[in-house]
Amino acid sequence: MTDDIRARVQAVLPGVRSDLEDLVRIESVSADPARAGEVRRSAEAVAQLFRDERFEEVDIVSADGGAPAVIARKRGPEGAPTVLLYAHHDVQPENDHADWDSPPFEPTERDGRLYARGAADDKAGIAAHLGALRVYGDDLPVSVTIFIEGEEEVGSETLPALLREHQDRLRADVIVIADSGNWDIGVPALTTSLRGLVRVDIEVRTLTHAVHSGMWGGLVPDALMTLARLVATLHDDRGDVAVEGLHAGPAADVDYPEERLRAESGAAPGIEWIGTGSSVERLWTKPALSITGLDAPKVAGASNTLVPAARARISMRTAPGDTTENALACLVRHLEANVPWGATLTHTVVDTGEATQIDATGPAYDAARAAFAEAWDGTEPVDMGVGGSIPFIAEFLEAFPEASVLVTGVEDPDTRAHGANEGLHLAEFERVVLAEALLLGKLGG
């Protein structure tokens, strides 16, 4: 059976790749209002792909003024389970074209990878679903619902409304979310935990207006120095987050070799890791806190005055098992308790996203692990955590608590999603398609 499915995958792959290349040529950057038309064109192209596969009820939908998503359905045998296949057709901005080795929206193959914005994240997720479905044609072993979102890269703001409005159409026994990755080239994975996100902008004010640093320095604290002292309290001397009350937990017993950590992280030579515990605990199941932006005068042209106010953006990743409500309260309490010299502190919540912990047990997960092992020639999949956040997964779990949610994907450690030279490893992509086709067959029994 596996050999037959493998042969069918190889037969459909050229057409799937051609469709993927057509999709990535569409500049569906959801963060750019000027390209809203491209996002719409992308949704129309996706809808047509599933119409061509003889799906029924193929609709482009939106909610609360959000970006267009695609919902489609195709029925399998009577009594067969329903599987929802999720991916997203919007992409990140390409940023400076000079950083790319080839045009970002022109798919280009080099050394076994296909390079383009969205070639992996996440138009390859759409292509993987297409490939698995084309293996079966009109003889699907399960009923399939397609849900291709259009605003994942800008936070899925209207996703909860979409899930509410189309709950009956989207309800499924198994949900396959193809928006993550594998542990390594040749090693598949199921993503079973993701950290949450709390982003907060803080402002420290020490003066009502700027004053001469010679006249008042030594008596009045400037806002930059005050902000620096406050930010420094967020970690202890070992580099662990010093905010009390945050949750942390154990991680899977997975070896993350030092040379891989160095290569994949882009750490500068000689840099020391921060924090305590295993590397995967620090990356997956403990909180992390970073300063991702500062508002302050530039060095060039800075005047000889005390800065009256300074702002910083704090990005905190919360551990699975924590809530954004608790994490935000703990962070604000810490900041208020540690702001020095009586400075005025204000904060503004930018956005939040819940962490996810999946109980990856039961028949659907057994079927997935067996399918992955077959597709990767006997290599068992790793239960992997992800340090980043995909908040919408928690929303799927909440909307469909009876469903088994499988988080899979096409990415690998060198995919460079969101960065320049994003690329899809073509040989691994073939395994992803094979694994999903085998999974559908196993779920159909």
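Annotations
- A Förster distance of 45 Å, applied to the separation of the beta-carbon atoms of residue 101 and residue 255, puts the FRET efficiency at 0.90.
- Dipole axis of the chain (+1 Lys, Arg; -1 Asp, Glu on Cβ), positive-most option in 48, 233, 352: 233
- Across segment 238-250, computed HN-Hα scalar couplings (Karplus, 6.51 cos²θ - 1.76 cosθ + 1.60, θ = phi - 60°) run 8, x, 6, 4, 9, 7, 6, x, 7, 7, 9, x, x Hz from first to last residue, x flagging Gly and Pro.
- Magnitude of the charge dipole, segment 43-163, Cβ model with Lys/Arg +1 and Asp/Glu -1, debye to 20: 560 debye
- Shown here for segment 121-200: chymotrypsin sites (Phe, Trp or Tyr not before Pro) in loop regions (DSSP other than H, G, I, E, B) with at most 15 other Cβ atoms within 10 Å, of which there are none.
- Axis angle, to the nearest 10 degrees, between helix 123-136 and the longest C-alpha principal axis of the chain: 20 degrees.
- If you run the Gaussian network model on the chain, springs between alpha carbon atoms under 10 Å, then out of 322, 101, 201 the most flexible one is 101.
- Put the Cα centre of segment 179-227 next to the Cα centre of segment 293-346 and the gap is 6 Å.
- Gain upon complete extension [residue 416, residue 350; 0.36 nm per residue less C-alpha separation]: 21.2 nm
- When the Cα positions of 304, 441, 421 are compared along the charge dipole of segment 290-445, 304 comes out farthest toward the positive end, with charges on each C-beta of Lys, Arg, Asp and Glu.
- Computed helical MRE - 222 nm, the chain, DSSP H runs ≥ 4 contributing -39500 (n - 2.57), nearest 500: -10000 deg cm²/dmol
- As a ratio to 2.2 N^0.38 Å, the alpha-carbon radius of gyration computed for the chain takes the value 1.07.
- Within the chain, longest stretch clear of exposed GluC sites (Glu not before Pro) (DSSP loop, no more than 10 other Cβ within 10 Å): 79-243
- Positive-end ranking of 254, 12, 328 along the dipole of the chain, with charges on Cβ about the Cα centre, is headed by 328.
- Compactness ratio for segment 158-231: Cα radius of gyration over 2.2 N^0.38 Å (N = residue count) comes to 2.25.
- Taking the C-alpha atoms only, the angle from helix 324-338 to the longest principal axis of the chain is near 10 degrees.
- Net dipole in debye of the chain [+1 Lys, Arg Cβ; -1 Asp, Glu Cβ; about Cα centre; nearest 20]: 880 debye
- Placing +1 on the Cβ of every Lys and Arg and -1 on the Cβ of every Asp and Glu, with no other charges, gives segment 29-68 a dipole of roughly 180 debye about its Cα centre.
- Placed amide H near residue 179: partners under 5 Å, 5+ positions off or other chain: 408
- Inverting the pair-averaged 1/r between distinct Cα atoms of segment 298-350 gives 13.9 Å as its Kirkwood hydrodynamic radius.
- Residue-by-residue Karplus 3J(HN,Hα) for segment 190-207, coefficients 6.51, -1.76, 1.60, Hz, glycine and proline x: 10, 7, 10, 8, 9, 6, x, 9, 10, 10, 9, 9, 10, 10, 10, 10, 10, 9
- Computed over segment 25-171, the P(r) tail beyond 24 angstrom holds 34 percent of alpha carbon pairs.
- Modelled label positions at residue 229 and residue 336, each set 7 Å beyond Cα in the direction of Cβ, lie 2.1 nm from each other.
- To the nearest ten degrees, helix 426-444 and the longest principal axis of the Cα atoms of the chain are 60 degrees apart.
- The convex hull defined by the C-alpha atoms of segment 225-353 has an orientation-averaged projected area of 10.1 nm².
- Three-way shape label, segment 1-77, alpha-carbon gyration tensor, a/c 1.5: oblate
- For segment 236-289 and segment 30-57, distance of Cα centres in Å: 39 Å
Values in this text are rule-based calculations from the coordinates and carry no lab data. Just so you know, these numbers come straight off a predicted model, no measurement behind them. With ideal geometry, Cβ positions are generated from the backbone for all residues, glycine too; neighbour counts draw on all protein chains shown.
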